[in-house]
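Everything on this sheet refers to the single structure shown next.
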Amino acid sequence: MEKLEIESTTETPKVLLDKEKSIIEFAGNSLPEDVTSFYNPILEWIDTYVENPNAKTLIDMSFDYYNTSSSKMILKILEKFREIHRKGYEVQVNWHYMDDDEDMIEAGEDYAEHLKIPFKLIPIQH
């Protein structure tokens, strides 16, 4: 399976999806002008991954900021990983946030509560 790597910009996050190295990582800002065209290749990659996942899937998310339409895409992404968890595979989401960012803490807690998969909130000291 091809790895998918997208460099970050001021409006889009760095994305690294690498099945071989077991790396699934999102970092930075997410406020793309066209959220669907940005996230569609990512969702397609994950759909393929869901068909034949690794025994353990670790997802690292460390967003600085994202807009409402991105939050819906992030939820879609995490729901796909929940499918893997329901199939009996090990899944862990690491939600990294700046230790004083109340919005990101709350967002992580909301996703964790909604998804009911192993979810770790990890503060970043600055």
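A short reminder: the numbers here are calculations on the coordinates, not readings from a lab. Quick caveat, the model's predicted, so the values are computed rather than measured. A quick note on method: Cβ atoms are made from the backbone with ideal geometry, for glycine too, and the neighbour counts reach across all protein chains shown.
Tabulated data for the structure shown
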{"item": "Modelled FRET efficiency - R0 30 Å, residue 114 with residue 18, Cβ distances, 0.05 increments", "result": "0.70"}
{"item": "Placed amide H near residue 119: partners under 5 Å, 5+ positions off or other chain", "result": "93"}
{"item": "Charge dipole magnitude, Cβ of K and R +1, D and E -1 - the chain, Cα centre, debye nearest 20", "result": "700"}
{"item": "Helix-only CD estimate at 222 nm, as mean residue ellipticity for the chain, using -39500 (n - 2.57) per DSSP H run (n ≥ 4)", "result": "-13500 deg cm²/dmol"}
{"item": "In nm, spacing of pseudo-spin labels at residue 65 and residue 11 (7 Å Cα→C-beta vector)", "result": "1.4"}
{"item": "Peptides 116-124, 27-35, 1-9 ordered by average Cβ neighbours within 10 Å, highest first", "result": "27-35, 116-124, 1-9"}
{"item": "Above-threshold pairs, the threshold being 20 Å between Cα atoms, out of 3/120; 19/87; 3/80; 19/116", "result": "3/120; 19/116"}
{"item": "The chain - share of DSSP beta bridges that are antiparallel (%, nearest 5)", "result": "30"}
{"item": "Relative contact order (percent, whole number), region 4-124, Cα cutoff 8 Å, 6+ residue spacing", "result": "21"}
{"item": "Angstrom value of the Kirkwood radius, inverse mean 1/r, which spans all Cα pairs in the chain", "result": "14.7"}
{"item": "Mean Cα-pair separation over length for region 87-126, i.e. relative contact order, pairs under 8 Å, 6 or more apart, %", "result": "57"}
{"item": "Highest-fluctuation residue, 18, 103, 60 considered, GNM on the chain with Cα pairs under 10 Å", "result": "103"}
